[in-house]
Amino acid sequence: MILDNYHPIWETEEHADLREMAREFMAAEITPHAERFAESHQVDRDLWNKAGDNGLLCISVPEEYGGGGGDFSHEAVVLYEQGLAGDDSWGYAIHSTIVAPYIVEYGTEEQKQRWLPKLASGELVGAIAMTEPTTGSDLKAIRTHATRDGDDLIINGSKTFITNGTQAGLVIIVTRTSDEPGARGISLVVAEVDGLEGFERGRVLAKLGGHGQDTRELSFTNMRVPAANILGGEAGEGKGFIQLMQQLPQERLAVAISGVGQAEAAVRQTIAYTKERKLFGHTVMDFQNTKFVLAECATETLAGKTFIDYCINEHDAGRLTGEQASAAKYWGTDLQNRVIDRCLQLWGGYGFMMEYPIARMYAGARVQQIYAGTNEVMKDLIAREF
Ligand SMILES: Cc1cc2nc3c(=O)[nH]c(=O)nc-3n(C[C@H](O)[C@H](O)[C@H](O)COP(=O)(O)OP(=O)(O)OC[C@H]3O[C@@H](n4cnc5c(N)ncnc54)[C@H](O)[C@@H]3O)c2cc1C
């Protein structure tokens, strides 16, 4: 079929081996446990350690800090395979392709040595806390603030919708560190939160989908963190907003990659199902409508693969623009939702049952159009460069 024997332009033998390994890992450690993860609103904690042992975490982090020494295309292989496995429980993308790169890019030498090896092994799980109850898209309006007290910062504020909120031991907190208005007073402060006084994990949020994901509220009450934990040290103070703007394109591309991976998963699973399901003496696949719908979905998914692979190649070459990443994010996640919705219809009533992966993928897909910058914000960013 048209999605078989597809090879990204950047794929080497090393990527192909990694793909094989990631696929086996998802099949053994994630797919069989999907329902249990959903019921407990989190993955097994030791999934992180197992992934670390298999070299699947922080693949783009330099080897000297315990990472895999690869680049973003290696991360992309794991992201795509996670999507292809239909998984939206494991907060791999936040940990490996978002949190770790902030530390690689902006951390001081001491910060890199302290945190990266633990993220790469799975000893620490990473989260990033930007969103607050009163502000999401308008990041400049955050209210969490840190005041100096000797060598420490005292942080007060609350965050919501934080992925890996239950399991995170390291949280990058977006906070004001001065009274300067808007973007200027914002810094990124890294907190090792386990047992930290003043740190509280709030509600596990009940969501429409992605039930295996530990999305939570976090709050900080007179929480004391060394000022040396400002990402980038003294030089990083007040640079948080710029750092976020520089890293968000990679986060957006990561969301697009998992989205197209899930679209492919839906097409493949629906082809298999409709060939099996019998009615009126035929299979569902025998209806011309089924063939047309799946031909269209497979073609759109193939177009999605070529688009994200172009963006991955550009990103590795340092050429991907913010607008291109925004385009990949909005178009890739719209594609994901459209394809999964059309595929689900071909499953009849079973498509509505949460025990079937297609139903879980349908519910989980919706948020992809919302987080990492809503798809409306993506279009606004694209149009700003017209
Ligand atoms: C499951 C889940 C996991 C998440 N994980 C994290 C996480 O780990 N860390 C984190 O910090 N955040 C996380 N988020 C938060 C997410 O990034 C925000 O929800 C998102 O940025 C939108 O912010 P908001 O919810 O405040 O919506 P709002 O900003 O209030 O947006 C409301 C509406 O206004 C529209 N809008 C906003 N700006 C414009 C514009 N310029 N033009 C047109 N329309 C516009 C939006 O598109 C939307 O339709 C997560 C959210 C969810 C649901």
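Only the coordinates and a few stated rules stand behind these numbers; no lab work does. Computed from a predicted structure; not experimentally measured. Cβ placement follows ideal geometry from the backbone for every residue including glycine, while neighbour counts extend to all protein chains displayed.
Values for this structure:
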| item | result |
| --- | --- |
| DSSP-defined antiparallel bridges as percent of all bridges, the chain, nearest 5 | 85 |
| FRET efficiency for E376 and D46, using Cβ-Cβ distance with R0 set to 51 Å, rounded to 0.05 | 0.85 |
| Greater than 24 Å apart at Cα, pairs in K159/K239; K112/K207; K50/K239 | K112/K207; K50/K239 |
| Protection proxy ranking of 274-280, 163-169, 294-300 - average other beta-carbon atoms within 10 Å, highest first | 163-169, 294-300, 274-280 |
| Efficiency of FRET between F386 and N222 - r from beta-carbon atoms, R0 45 angstrom, step 0.05 | 0.45 |
| D71-M353 pseudo-label distance in nm [points 7 Å out on the Cα-to-Cβ vector] | 4.7 |
| Separation in nanometres of the label points that stand 7 Å from Cα toward Cβ, at E64 and R277 | 5.6 |
| Long-range HN-HN contacts of W347 with modeled amide H, under 5 Å | none |
| Whole-number D in µm²/s for the chain (Stokes-Einstein; Kirkwood sum over Cα pairs; 25 °C, 0.890 mPa s) | 115 |
| 37 °C / 0.692 mPa s Stokes-Einstein diffusion coefficient of region 13-124, Kirkwood radius on C-alpha pairs, µm²/s | 233 |
| Acute angle (nearest 10 degrees) that the helix 288-316 long axis makes with the longest principal axis of the chain, alpha-carbon atoms | 30 |
| Helix-derived mean residue ellipticity, 222 nm - over the chain, DSSP H n ≥ 4, -39500 (n - 2.57), to 500 | -15000 deg cm²/dmol |
| Cβ crowding within 10 Å averaged over residues, with 228-241, 314-327 ranked highest first | 228-241, 314-327 |
| In degrees, nearest ten, helix 72-84 long axis to first principal axis of the chain (Cα) | 50 |
| Simple spin-label estimate for F287 and N5 in nanometres, 7 Å along Cα-Cβ | 3.2 |
| Tail weight of P(r) past 21 Å, computed on alpha-carbon pairs of region 127-237, percent | 31 |
| Given K275/K329; K305/K379; K118/K140, the pairs whose alpha carbons are separated by over 26 Å | K275/K329; K118/K140 |
| Length added when fully stretched, S137-E109, from 0.36 nm per residue minus Cα-Cα | 6.9 nm |
